[in-house]
Amino acid sequence: MKRLAVILLALLLWPGCKSSDQSQKKADTLTETVAAFSGDEVIPLRYRSIYIHNFDNQSFKADIVGRLKQRLQVEFQSEGRLKVTMVKEDADLWLYGKIDLFQEVPRTFDNFGRPNMFMVTMLVTVKVRINPESPGYLEAQEKNKELDAREADGILLDNKPVRLDITYTSRLPPFESQFSAHQRLIDGISLRIRKTVLEGWYSDLKTDIELGYDPKLGVKEDEIERVIRKDIPKEQREEIIQRNEEIKKQMESNEQPEFMTPDQIQKK
């Protein structure tokens, strides 16, 4: 009788153990291969460290390379997913980049033609390569783990563009110096680079302008909806776009536009 009880107990415990192992395996696989909205996969868990190269500078801003690298090191280190190493050979991944554009142009002027506000634009392209001597990469090869095409080529991210535009003024409140504005730009684009490397995208950081909101209309966000929104049906989106065109024409003719939101359109 005791023997039968032991057998029954073992049978009851065995499926639970098996299920737990399978669940853990699925969870690990999911964590390693979850795809971001842009289609790029998250960095596999076997890669745990990164070395940041000096970016190739195609702009005329001489000090931008050092300031950008320093901020990127802080950004990745504070996030914690990848450890930043100071020795290239010790890192699993190598981050390369090119500063394609760093441009500052006047945006608005006073009555005497002097610039009141400036727009500063920074555009970079980033690439992430795998260290062929990385322990995680070598272990995956030895155990014949299935590597995706990107890992097989040794490139996890290839020439992905990252851009940020900001404005600042040193003559009107809120006052901001040029150096402070440039540092704010570097901080912002470093965050976008980090999210691009780890998640493949940075859409949640995009500004109203990048999402299609037209500031030339002089319309506040709570007065007119953005035209690019996934939760708006196609017909409703087309009607908003058409209404925006009418607003532009009315403003060109100095008429006061009647702003409409998707909720108002839906009630019509």
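Just checking, does region 144-156 include any residue being farther than 23 Å from residue 134 by Cα and basic (Lys, Arg)? The answer is no, given that none of the residues of region 144-156 is farther than 23 Å from residue 134 by Cα and basic (Lys, Arg). Total residues in region 175-224 satisfying the condition of being part of a loop (DSSP other than H, G, I, E, B) and at pLDDT 85 or above: the figure is 3.
If only residues of region 130-173 that are over 26 Å from the mean Cα position of the chain (by Cα) and basic (Lys, Arg) are counted, the one that is nearest to residue 100 (Cα to Cα) is 171. Among the residues of region 170-193, the one identified as touching a residue at least 60 places away in the same chain (Cβ under 8 Å) and of a type in the set (Ser, Thr, Tyr) is 190.
The values are calculated or read from the model by the stated rules, or taken from the named source; none is laboratory data. Computed from a predicted model, the values in this text were never measured in an experiment. When we count neighbours, we look across all protein chains shown, and the Cβ atoms used for this are built from the backbone with ideal geometry, even at glycine.
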